[in-house]
Amino acid sequence: MTKIAVINYGPKSDYAAMLPEVAGALHVYSHHELAGTEGFAHYEYVPDCEFVPYPELMIRRSAGDAPFTHVITDNEYDLERAARIRRDLGIPGQSPESALSFRDKEVMKRTAGKTVPVARHARLETVTDLTGFVAETGYPVVVKPVKQGGSRDIVTLHGDDELVEFTRRHWRDDLMVEQFVEGPMYHVDAVIAPGYRFVASSRYLRSCLGVLSGENNGSLQLHPEEKFAARLEEFLDQVLDAFETPGTSAYHLEVFHTPDDRLVLCEIASRVGGNRIPHLTRATYGVDLHRTWLRQSVGLPVPPAPVEAPEFVRGSVSVVPQGRPVGAPPRPPFEWIDHYEVNAALAPGAKPANSTSHLCFAIVRGADLAEVEQRVLETEAWLMANLVEPEAGTGERAVEAPGVTTP
């Protein structure tokens, strides 16, 4: 009998729609309050779900009544917890060792370094580890927590003054340092399972770290027939050769393309990419990354991976919070905009908190990466020129665009 434990993160996850055949077998513990849960075997909204052991305890206790056949999660921060439950209950799927190798960035780089180039790096125990690393490699260097995501708490040190300022912060026991790598960053997003393979490649509009200093960000899809897309897919396979991989998994790979034409690993995660990536993938390829990954993880069928090249590829631009009470513009007046959305929940005057922070975002289409990039930049320029300033003397936003606008 099928019995599935789910540790959910996505606030809009619709498991009844994604997994209708087994909805009555789902035991869902969620970070957010979800709609459409009436038919589940069990559902609980768990405040601070990511940080409390309650879901793990209850899943283990429920397994005593009848064994679970699957344990799944859509949250990177729960991958190790889900893997530990699987191991202890004898359930197939990603092992704790595999989950750790994709979660801990220092372990990840040591593992991947067996098959692909990685930046020089080191785990940091004390500040002398950091100063010693700088003495050997020089500036700039990047300091980051080994298990954080969304570019949170990452610091790039360009010189000694910044190093001294960094030492005024509270020291953490989960840090690593790595040599800064020049060049644009690409990402490769994939779902790989027995008899199924989907891979798509894109270039970030700018560095994800730029969001924290006020730069807008986004992604630009490569057309799958471009030679560089094939090179990136081959690099993904080379990276995965170094890891213990589950039979079914999603992957989000980030890779630098250096000025001397080398590919250097930044990071790889065994989960679906965030931000606008799933939206772009659905629009171009008709592939829902989350649905495809989760259905195959519980043994349900999915449509075959697309084999024909798409007519268009797409790109996105997200305008970051401006740190002042401005409103988002109306929908840009370009026919090649596929989707425009305003973050109506953003507080006035908010500042960027991580790489997903946004005031609004737009998705555009084009024939290839070059046309998509040109249209993304034109859209960005229009949005920045049309931010809604507060009415004089009020300090409040004058007009709010609607929460979502689509064609």
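The values are calculated or read from the model by the stated rules, or taken from the named source; none is laboratory data. Note that the structure is predicted; figures quoted are calculated from it, not measured. Please note: Cβ atoms are built from the backbone with ideal geometry, for glycine as well, and neighbour counts cover all protein chains shown. Ligands, DNA and RNA are stripped out before the accessible areas are found, and what is left, the full protein with its side chains, is counted by its heavy atoms. Shrake-Rupley method; radii C 1.70, N 1.55, O 1.52, S 1.80 Å.
For the residues V116, V134, V107, the requirement of being hydrophobic (A, V, I, L, M, F, W, C) and part of a loop (DSSP other than H, G, I, E, B) singles out V116. Return a yes/no flag: does region 309-327 have any residue that is touching a strand residue (DSSP E or B) at 6+ places or on another chain (Cβ under 9 Å), more than 26 Å from A370 (Cβ to Cβ), open to solvent by less than 10 Å² (accessible area, probe 1.4 Å) and hydrophobic (A, V, I, L, M, F, W, C). Looking for residues that are touching a strand residue (DSSP E or B) at 6+ places or on another chain (Cβ under 9 Å), more than 26 Å from A370 (Cβ to Cβ), open to solvent by less than 10 Å² (accessible area, probe 1.4 Å) and hydrophobic (A, V, I, L, M, F, W, C), one finds at least one in region 309-327, hence yes. Of the residues making up region 52-75, those that are of a type outside the set (V, I, T) and not in a helix (DSSP H, G or I) number 9. Of the numbered criteria (1) within 21 Å of T281 (Cβ to Cβ); (2) out of contact with any Gly (no Cβ under 6 Å at 6 or more places or on another chain); (3) not hydrophobic (A, V, I, L, M, F, W, C), the one S355 fails is (2). From the list T248, T281, the one residue that fits, being at pLDDT 95 or above, open to solvent by less than 10 Å² (accessible area, probe 1.4 Å) and of a type outside the set (A, V, I, L, M), is T281.
For (1) among the acidic types (D, E); (2) open to solvent by 30 Å² or more (accessible area, probe 1.4 Å); (3) touching a Leu at 6+ places or on another chain (Cβ under 7 Å); (4) modelled with pLDDT of 95 or more, each residue gets a yes or a no:
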{"residue": "E76", "(1), (2), (3), (4)": "yes, no, no, no"}
{"residue": "D88", "(1), (2), (3), (4)": "yes, yes, no, yes"}
{"residue": "P96", "(1), (2), (3), (4)": "no, no, no, yes"}
{"residue": "D104", "(1), (2), (3), (4)": "yes, no, no, yes"}
{"residue": "T115", "(1), (2), (3), (4)": "no, yes, no, yes"}
{"residue": "R120", "(1), (2), (3), (4)": "no, yes, no, yes"}
{"residue": "R123", "(1), (2), (3), (4)": "no, yes, no, yes"}
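Checking each residue in region 105-150 for being hydroxyl-bearing (S, T, Y) and out of contact with any Ser or Thr (no Cβ under 8 Å at 6 or more places or on another chain) picks out T115, T126, T128, T131, T137, Y139. Checking each residue in region 234-243 for being part of a loop (DSSP other than H, G, I, E, B) and surrounded by fewer than 14 Cβ atoms within 10 Å (Cβ to Cβ) picks out only D241. Filtered by the rule that a residue be open to solvent by 40 Å² or more (accessible area, probe 1.4 Å) and out of contact with any His (no Cβ under 8 Å at 6 or more places or on another chain), region 132-157 gives A135, E136, K147, Q148, R152, D153.
Count of region 229-244 residues, restricted to those that are over 19 Å from the mean Cα position of the chain (by Cα) and of a type in the set (V, I, T), is 0. Each residue in region 329-362 was checked for being more than 27 Å from Q148 (Cα to Cα), in contact with a strand residue (DSSP E or B) (Cβ under 9 Å, 6 or more places away or on another chain) and either hydrophobic (A, V, I, L, M, F, W, C) or open to solvent by 70 Å² or more (accessible area, probe 1.4 Å) (or both), and 5 of them qualify. Can A23 be described as in a helix (DSSP H, G or I), small (G, A, S), at pLDDT 95 or above and touching a Gly at 6+ places or on another chain (Cβ under 6 Å)? Yes: the conditions hold for A23.
In this structure, does E380 turn out to be of a type in the set (D, E), on the phi < 0 side of the Ramachandran plot, outside any loop (DSSP other than H, G, I, E, B) and open to solvent by 30 Å² or more (accessible area, probe 1.4 Å)? It is false that E380 is of a type in the set (D, E), on the phi < 0 side of the Ramachandran plot, outside any loop (DSSP other than H, G, I, E, B) and open to solvent by 30 Å² or more (accessible area, probe 1.4 Å).
Per-residue answers, yes or no, for (1) aliphatic (A, V, I, L, M); (2) touching a Leu at 6+ places or on another chain (Cβ under 9 Å):
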residue	(1), (2)
P11	no, yes
D14	no, yes
G36	no, no
A41	yes, yes
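Look at V264 and say whether it is crowded, with 20+ Cβ neighbours inside 10 Å and closer than 22 Å to K147 by Cα. The answer is no for V264. Here H170 fulfils each of the conditions (1) in a loop (DSSP other than H, G, I, E, B); (2) in contact with a helix residue (DSSP H, G or I) (Cβ under 8 Å, 6 or more places away or on another chain); (3) not β-branched (V, I, T) apart from (2). For region 79-104, filtered to residues that are more than 23 Å from L175 (Cα to Cα), part of a loop (DSSP other than H, G, I, E, B) and in contact (Cβ under 8 Å) with a residue 40 or more places away in the chain, the residue that is nearest to the chain's Cα centre (by Cα) is Q94.
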